[in-house]
Amino acid sequence: GAGWVDAIDRAARRIDVLASGGAAAGPAAPAAAAGPDLRRAREHLHHERYAQTLEQLGGLPLEHADDPDVLLLKAVSLSHSGALAEAEAVCRRLLAQDELNAGAHYVLALCREGAGDVAGALGHNQSAAYLDPEFAMPRLHIGLLARRQGEREAARRDLAQALLLLQKEDPARLLLFGGGFKREALIALCRAELAAFGEGA
């Protein structure tokens, strides 16, 4: 119940204070925890204004340059702008901080696919799907890659899984990784691909 949630919250705050060097550090904690304001950058991304997104990110204070959310937004914007090598470099910076970042693996998969490296794209998509089994977009791309390679059974399986995941995918993540497509369009794509295999959905 609510009492349990409050107890966990209090315990977490105490741990934060201890980890930061004692009770005296308590008042400074909110300022230290404040992340970059990415609302305008995300708005530009939503409207597929990638140059403006990058400009907005470039104007952030230097202390936010390696923030994981900043790096991911930058990588997505660069990849959609066609700057694949730069996007890959940003993804690798992010993975150097957090090798389990599913979003970075997914953007790397897009970059590899754009460079014609199907095996590399498949590998990074599989990493993203393994690290976050609820992440719909890598599963969708695995299915599409399998179809292109003529692996009908694998394509059917992964597209069916992508269809299920898309229906409950987080809207913010779809906005970030959906490539400008809304949930309904991505679901329609899955259904059309499955229908081509003679399956209803």
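Scan the stretch 176-201 for residues that are part of a helix (DSSP H, G or I), within 23 Å of GLU48 (Cα to Cα) and open to solvent by less than 70 Å² (accessible area, probe 1.4 Å) and jot them down.
Within the stretch 176-201, LEU176, PHE177, ARG183, ALA185, LEU186, ILE187, ALA188, LEU189, CYS190 qualify.
Considering only residues of the stretch 50-63 that are among the hydrophobic types (A, V, I, L, M, F, W, C) and touching a residue at least 24 places away in the same chain (Cβ under 8 Å), which is most open to solvent (accessible area, probe 1.4 Å)?
This residue is ALA51.
If you take the residues in the stretch 64-84 that are surrounded by fewer than 16 Cβ atoms within 10 Å (Cβ to Cβ) and more than 21 Å from GLY180 (Cα to Cα), which one is farthest from the chain's Cα centre (by Cα)?
ALA65
Looking at the structure I just gave you, is GLY120 surrounded by fewer than 21 Cβ atoms within 10 Å (Cβ to Cβ) and at positive phi?
So GLY120 does not fit the description; no.
Enumerate the helices (runs of 4 or more DSSP H) found wholly within the stretch 64-154, keeping only those where 2 or more residues are in contact (Cβ under 8 Å) with a residue 60 or more places away in the chain.
Of the helices (runs of 4 or more DSSP H) lying wholly inside the stretch 64-154, those with at least 2 residues that are in contact (Cβ under 8 Å) with a residue 60 or more places away in the chain span 68-80, 102-114.
The values are calculated or read from the model by the stated rules, or taken from the named source; none is laboratory data. What you see is a predicted model; the values in this text were computed from it and never measured. Positions of Cβ are generated from backbone atoms using ideal geometry, with glycine treated the same way; all protein chains shown enter the neighbour counts. We work out accessible area using only protein heavy atoms, side chains counted, and drop any ligands, DNA or RNA first. Shrake-Rupley method; radii C 1.70, N 1.55, O 1.52, S 1.80 Å.
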